[in-house]
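Asker: Could you have a look at this structure, given as structure tokens, before my questions?
The values are calculated or read from the model by the stated rules, or taken from the named source; none is laboratory data. Computed from a predicted structure; not experimentally measured. With ideal geometry, Cβ positions are generated from the backbone for all residues, glycine too; neighbour counts draw on all protein chains shown. The area values use the complete protein model at the heavy-atom level, side chains included, leaving out ligands, DNA and RNA. Shrake-Rupley method; radii C 1.70, N 1.55, O 1.52, S 1.80 Å.
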Amino acid sequence: MKVRARTRLLSILALTICFIAACGPAAVTQTAEPLVSPTQPPAATVTVIPAPKITQIVIDGDPSDWEGYEALLTDPAGDAARGGFDIAAVRAFANDTFLYVLIETHGPASDFVQVDLDVRSGARSFVISFWPGTGQQPHMGEVTTGEWKDVGGVESSSSALGEAVEIKMPLYYFEDVSNLELLNVRPMNGVCCESGWYAIDEIRRVKIAELDELESESGLTELPPRVCADQIAPPAPFGSLQPAPLTFAEPGFSAEWFVAPGTFNMPLDIILTPQGEMLVLAVRNFTLFRLDDDGITTPLAVNVDGYQGDMDGQGNVYLYFMPDGKITRVTPSGAVKIIVHSPLIRSDCDSGFGFGPDGNMYIAISPCPDAPYILQVTPSGQITRVRDGIPEMTAIHTSPDGRLIGAGSSGVFEISLNDYSLTKLNKDQIGGISSGGMTFDDAGNIYLATGQRSTAGTLHRMDDTGSITEIARLPFNGLSGIEWRRDTGEIVGGQLRQGGVLAVKPDGQIREIVSGNGIITPMGLAFSPCGELVAANDDGGMATLIDPAGTVSWFMDYLAFQPPIPYLAFAPDSTLYASEAAPGLSPVRVAVRALNDPGLKTLIEANYPSGLSYRASDSTLFVSDTSNGQILQVKPDGSYSVFADGLHFPTALALDPEGSLYVVVAPDQLQAPADHPPTFGDKIIQIKPDGSRSVFALLKDVHGITHGPDGYFYATAGDAVHRISADGRITRFAGGFENGIDLTFDLAGYLYVSDERANGILRIGGFPQGTISGVVTDASGPPVANARVQVLSVDPIVVGQVVFTDAQGRFSLPAAPRLYSVTVTASGYESVTQEDVTVIGGEEAQLLIALQQE
């Protein structure tokens, strides 16, 4: 089965992308003077209070815990331009880990879209855009040279909107923190990023205080998870997990779900029938489900495409699929018909969709990075462009009193059907509205959801005066496609990333109707040197970390959207490399994350990179520079050279033990735009270390390739995994996948395969396997309990596992036939590494390791 190359969307970054692509340098250029020159308070009036040793500030919008922190700058009242965000004072400082900023205002902060901070770090200048109170991750770019260079999302940060505006972000992102300056604070308003996009207020440049404070333990728990943690769960024994229904071409192999599929793969929209029945649009199941209150599902329509849906007066559901410009009608009986298929309604980013009170459909097209506009689509399929230059709207619905309402990052608007003028309805600020994240109750309240592609989200209620109240905070992932249930008074929505469906009561209590499995459309896979599996999640815009026991957790946000397929690779020191690109979005790069880093940094920029493979012998990362048709060899410092060129859309990569590189390339006759490269190939090219190349194998629809410890290559191709011998002979190895993407082996020799359509990760056993066992003792003889034992192999892939010794100092673990190093560490002892540990299938390699006390 061939996977079509589709653009994946991210509402959570829509405003960010507008800022990056359209505003760029123009939006971040310093003005010569602020609107009204602020004044710095005389030093004599400042009472200096000794700073506490531990930072106790909570990011909640309440400035009371900032008492004792000096105001770096005050700003007079009345100088704000056309907005409700009039800066009164700014406080900012850096402790050992984070930058903290407090912005106090004259009156409540309202009627703004985002807040931009201009920060100088040494000789470099950065812009941080954030949306306080939305749960949305801040975004960062560098403007040192006067041109915008995207850094990406700022992980481990938080912001809040209350009596004041607060933000906290890791100092790591600045690298040089010896001389931090706050160049400007700009609350922004208008339509990003048109001529009406303007700064409401600004400040004068001030130096950020560097305090001798430490981050509290509670604050440090906000740092993201990392690989090779102090404690790692032991591996789940093979055969202990849910069996997977694969078929094998020869006996001796079996499969299980390492991460089992959930009920839904990307439940993006909930639709209520007139009878109150819940329908769930699960985008990557390509199915519209019926869902009862006990979590039981039945499919209403299968093989349907849609990102948002709405229902007409006759009970027909209309599904809008943005990447292909398609609207599909599903009748109450489940009959399916495509009524519109046109490039005129195609979009690269989340675009609000719904019926108007006149019976026509309306789409707020968001052709990121260009300005959004409104289309009218009649039930017969006639398309009319009715309004240009609107703010981004990710939700459109008709209210119970017959008004057409749209909501997005700039606010909530009534859309007049007479002249399509917009009237802003919200008085309080809210941004980052999820796809379909708006609904109504019978009392006229509007409910708004945020955080569809975030690690948390919020649910708000807006009354008829425009005042907004937070009802609930959603852990792990916000809601999208929300509906109000008349029978229970609950708001029901889907968790795009988690795969669950939740109901929220008016008092904020959360009820889980369907649980999720924590992943969404898994793509590239890579094992860390300690045995954790990291998986790129296409439609989630994230990577997940799966411990050896199979427990899933969020790992990091990044542009994991295809095309092309996002791949991952580890170095022996636990540095993670990720290819990052998505049509219409930025950055387009190979990113790097060192062991203790909270987020990704740019290693190199490339033209829609995809495949990655790391050669440990000389610390070289091979990169498929897909749309340039070449393979790059990149060093850890970011220097690189072209290893091979003239390749037709190279994608997946793999190395063999002799150092030859294997490259999947697209069919010669396939043509594709550079920003929508293919995700598959039909030919595998072998490139030897001296650069000579030859055709290794011909196989249709290849997505992933890896080298196994048994000496064979394995490749995914649609519903099957194929085995390829060293001389290029291909045999079918396993079948029964819905759509296998990437694959890799762990240290024990089990094969893992990501199945993006099934939304699960499979583990296959039956390959040759030996054992590494040993005893760890004190040099004087007694056993050392709870010593950490890391077993590592780096050729041709980096793979490892961590176990701990028992009370008798013993350890044992299965290992595939390879060459390994074994490193033992224990408290109070010097670490010991034993090299060249050889494992042979069916045999046990026994070690005796004595530790010297420090």
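Asker: Identify, from the list 462, 393, the residue that is within 30 Å of residue 675 (Cα to Cα) and open to solvent by less than 10 Å² (accessible area, probe 1.4 Å). Steps first, answer last, please.
Answerer: Numbers: 462 fails: within 30 Å of residue 675 (Cα to Cα).
Only one candidate qualifies: 393.
Asker: Let me ask something else. Considering only segment 120-151, how many residues are in a strand (DSSP E or B) and of a type outside the set (Ser, Thr, Tyr)? Walk me through how you get there before you give the answer.
Answerer: So the first thing to find is which residues in segment 120-151 are in a strand (DSSP E or B), and the list is 120-121, 124-130, 139-142, 149-151.
Next, only the ones that are of a type outside the set (Ser, Thr, Tyr) stay: 120, 124, 126-128, 130, 139-142, 149-151.
Matching residues across segment 120-151 total 13.
Asker: A further question follows. Given the structure, is residue 705 more than 19 Å from residue 546 (Cβ to Cβ), open to solvent by 30 Å² or more (accessible area, probe 1.4 Å) and hydrophobic (A, V, I, L, M, F, W, C)? Reasoning before the result, please.
Answerer: Working: more than 19 Å from residue 546 (Cβ to Cβ): yes; open to solvent by 30 Å² or more (accessible area, probe 1.4 Å): no; hydrophobic (A, V, I, L, M, F, W, C): yes.
Taking the combined requirement at face value, the residue does not satisfy it.
Asker: Another question, if that's okay. Condition first: open to solvent by 10 Å² or more (accessible area, probe 1.4 Å), in contact with a Ser or Thr (Cβ under 9 Å, 6 or more places away or on another chain) and of a type in the set (Ser, Thr, Tyr). Now tell me which residues in segment 524-566 satisfy that.
Answerer: 553
Asker: Collect the residues in segment 152-182 that are in a strand (DSSP E or B) and either open to solvent by less than 20 Å² (accessible area, probe 1.4 Å) or modelled with pLDDT under 80 (or both), keeping them in residue-number order.
Answerer: Taking segment 152-182 and keeping what is in a strand (DSSP E or B), we get 152-153, 158-161, 165-170, 180-182.
152, 153, 160, 165, 166, 167, 168, 169, 170, 180, 182, listed by residue number.
Asker: Pull up segment 333-368, narrow it to residues that are aliphatic (A, V, I, L, M) and open to solvent by less than 20 Å² (accessible area, probe 1.4 Å), then point me to the one that is farthest from residue 420 (Cα to Cα). Talk me through it step by step, then tell me what you get.
Answerer: Taking segment 333-368 first, the residues aliphatic (A, V, I, L, M) are 335-336, 338-340, 344-345, 361, 363-365.
If we keep only those that are open to solvent by less than 20 Å² (accessible area, probe 1.4 Å) too, we end up with 340, 345, 361, 363-365.
Working: 340: 23, 345: 18, 361: 14, 363: 13, 364: 12, 365: 14 Å.
By that ranking, first place goes to 340.
Asker: From 120, 91, 124, which residue is in contact with a Phe, Trp or Tyr (Cβ under 6 Å, 6 or more places away or on another chain) and among the basic types (Lys, Arg)? I'd like the intermediate steps shown before the answer.
Answerer: Numbers: 120 fails: in contact with a Phe, Trp or Tyr (Cβ under 6 Å, 6 or more places away or on another chain); 124 fails: in contact with a Phe, Trp or Tyr (Cβ under 6 Å, 6 or more places away or on another chain).
Exactly one of 120, 91, 124 is in contact with a Phe, Trp or Tyr (Cβ under 6 Å, 6 or more places away or on another chain) and among the basic types (Lys, Arg), namely 91.
Asker: Considering 434, 480, 467, 421, which residue is within 18 Å of residue 110 (Cα to Cα) and small (Gly, Ala, Ser)?
Answerer: Values: 434 fails: within 18 Å of residue 110 (Cα to Cα); 480 fails: within 18 Å of residue 110 (Cα to Cα); 421 fails: within 18 Å of residue 110 (Cα to Cα).
Answer to the check: 467.
Asker: Among the listed residues 733, 737, which satisfies the condition of being assigned to a loop (DSSP other than H, G, I, E, B), open to solvent by less than 30 Å² (accessible area, probe 1.4 Å) and aromatic (Phe, Trp, Tyr)? Steps first, answer last, please.
Answerer: Values: 733 fails: assigned to a loop (DSSP other than H, G, I, E, B).
Result: 737 is the single residue among 733, 737 that is assigned to a loop (DSSP other than H, G, I, E, B), open to solvent by less than 30 Å² (accessible area, probe 1.4 Å) and aromatic (Phe, Trp, Tyr).
Asker: Moving to a separate point now. Keeping to segment 332-375, report how many residues are outside any loop (DSSP other than H, G, I, E, B) and either hydroxyl-bearing (Ser, Thr, Tyr) or within 29 Å of the chain's Cα centre (by Cα) (or both).
Answerer: 12
Asker: Looking at 520, 482, 471, 513, which one is under 30 Å from residue 749 (Cβ atoms) and either open to solvent by less than 50 Å² (accessible area, probe 1.4 Å) or not in a strand (DSSP E or B) (or both)? If you could, list the steps in order and put the result at the bottom.
Answerer: Values: 482 fails: under 30 Å from residue 749 (Cβ atoms); 471 fails: under 30 Å from residue 749 (Cβ atoms); 513 fails: under 30 Å from residue 749 (Cβ atoms).
Every option except 520 fails the conditions.
Asker: Of the residues 651, 575, 620, which single one is touching a helix residue (DSSP H, G or I) at 6+ places or on another chain (Cβ under 7 Å) and surrounded by 17 or more Cβ atoms within 10 Å (Cβ to Cβ)?
Answerer: Numbers: 575 fails: touching a helix residue (DSSP H, G or I) at 6+ places or on another chain (Cβ under 7 Å); 620 fails: touching a helix residue (DSSP H, G or I) at 6+ places or on another chain (Cβ under 7 Å).
From the options 651, 575, 620, the qualifying one is 651.
Asker: Continuing with the same structure: When both residues are 6+ apart or on different chains and their Cβ atoms are under 6 Å apart, which pairs have a first residue that lies in segment 482-501 and is small (Gly, Ala, Ser), and a second that is part of a loop (DSSP other than H, G, I, E, B)?
Answerer: That search, which allows pairs on different chains as well, returns 489/506; 493/479; 499/262; 499/264; 499/516; 499/517; 500/515; 500/516.
Asker: Does residue 378 satisfy the criteria of being under 24 Å from residue 84 (Cα atoms), surrounded by fewer than 17 Cβ atoms within 10 Å (Cβ to Cβ), over 24 Å from the mean Cα position of the chain (by Cα) and among the polar types (S, T, N, Q)?
Answerer: Numbers: under 24 Å from residue 84 (Cα atoms): no; surrounded by fewer than 17 Cβ atoms within 10 Å (Cβ to Cβ): yes; over 24 Å from the mean Cα position of the chain (by Cα): yes; among the polar types (S, T, N, Q): yes.
Against the criterion (under 24 Å from residue 84 (Cα atoms), surrounded by fewer than 17 Cβ atoms within 10 Å (Cβ to Cβ), over 24 Å from the mean Cα position of the chain (by Cα) and among the polar types (S, T, N, Q)), residue 378 does not qualify.
Asker: Going through segment 658-673 one residue at a time, which ones are exposed (fewer than 13 other Cβ atoms within 10 Å of the Cβ) and either among the small types (Gly, Ala, Ser) or touching a strand residue (DSSP E or B) at 6+ places or on another chain (Cβ under 9 Å) (or both)? Please lay out each step first, then the result.
Answerer: First pass over segment 658-673, keeping only residues exposed (fewer than 13 other Cβ atoms within 10 Å of the Cβ): 658, 668-669, 671, 673.
Matches in segment 658-673: 668 only.
Asker: When you scan segment 573-629 for strands (runs of 3 or more DSSP E) that lie fully inside it, which ones turn up with 1 or more residues that are in contact with a Cys (Cβ under 7 Å, 6 or more places away or on another chain) and on the phi > 0 side of the Ramachandran plot? Reasoning before the result, please.
Answerer: Details: elements: 576-580, 589-593, 601-605, 609-615, 620-625.
Fully inside segment 573-629 and qualifying: nothing.
Asker: Being among the hydroxyl-bearing types (Ser, Thr, Tyr) and surrounded by fewer than 22 Cβ atoms within 10 Å (Cβ to Cβ) is the filter; apply it to segment 234-274 and report the residue that is nearest to residue 438 (Cα to Cα).
Answerer: Looking only at segment 234-274, we keep the residues that are among the hydroxyl-bearing types (Ser, Thr, Tyr), and these are 240, 247, 254, 263, 273.
From what is left, the residues that are surrounded by fewer than 22 Cβ atoms within 10 Å (Cβ to Cβ) are 240, 247, 254, 273.
Details: 240: 43, 247: 45, 254: 46, 273: 17 Å.
Per the stated criteria, the residue is 273.
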